[in-house]
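One structure is given here, and the rest of the page talks about it.
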Amino acid sequence: MMKRALWQGLLAGTAGGIVMTFGEKIEQALTRRPDSHVPARVLQRLTGMAEQPGRQPLPVNWGMHFGQAALLGVLRSVMAHAGLRGPLASAQFAVVRLTNDQILENATGVGAPPSTWPRQELVIDVLHKTVYAFTAGAVADALAARGGPGPGRRHAALRRGRQADVGPLPRGRAYGR
């Protein structure tokens, strides 16, 4: 499962990053909001790269932007392979995506807590990360579905809902063998 989740997650996360970026460019054309250089600044801080004022190099900015999108896609793929699929799983993943950004941005001193942001910036960020999460989720779910329902769904098929008297699936049945 983990081998499939790795390559499928990288694919799903990259797809999410591409769709999110496309949406950001449309939003920026409408709102005239400038490009963010936060991804590059975070990567510079994390790796010890030289920092510079003003605009950041596009390859560094996109390296962090798409690298983070691809790597987090692996987690969404693991969720899908475990049986956590659909809109609810993608909504849960959106929270993970937002949390990941905030941990990295705040721990490096590049960003500030969202509670201190102008409301419009917060709404825009949540919107774009949600687009990422649902796109990555749709791709991860579709790829994982090719391998069957996943252990969680197999367990749920025994009896609907959480039941105290339903133990775990036998190891062999958990993975569809």
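General remarks:
- Cα-based Kirkwood hydrodynamic radius, the chain, one decimal, Å: 17.6 Å
- In a reduced charge model with +1 at each Lys and Arg Cβ and -1 at each Asp and Glu Cβ, segment 71-154 shows a dipole moment near 460 debye about its Cα centre.
- 0 to 90° range, to nearest 10: angle between helix 58-82 axis and the chain longest Cα axis: 10 degrees
- Whether segment 8-71 is rounded, prolate or oblate, judged on the alpha carbon gyration tensor where a/c under 1.5 counts as rounded: oblate
- Charge dipole magnitude, Cβ of K and R +1, D and E -1 - the chain, Cα centre, debye nearest 20: 980 debye
- Of P168, V139, L88, farthest towards positive along the dipole that unit charges on Lys, Arg, Asp, Glu beta carbons give segment 88-170: P168
- Mean separation of Cα contacts under 8 Å, 6 or more apart, over the residue count of the chain: relative contact order %: 32 percent
- Segment 59-176 - accessible surface per residue (Å², probe 1.4 Å): 54 Å²
- Shown is the FRET efficiency for I26 and D165, computed with R0 = 45 Å from the Cβ-Cβ distance and rounded to the nearest 0.05: 0.30.
- For the chain, the carbon plus sulfur part of the accessible surface works out to 66%, probe radius 1.4 Å.
- Among 4-17, 106-119, the peptide with the highest mean count of other Cβ atoms within 10 Å heads the list, and the full ranking is 4-17, 106-119.
The values are calculated or read from the model by the stated rules, or taken from the named source; none is laboratory data. Quick caveat, the model's predicted, so the values are computed rather than measured. A quick note on method: Cβ atoms are made from the backbone with ideal geometry, for glycine too, and the neighbour counts reach across all protein chains shown. The area values use the complete protein model at the heavy-atom level, side chains included, leaving out ligands, DNA and RNA. Shrake-Rupley method; radii C 1.70, N 1.55, O 1.52, S 1.80 Å.
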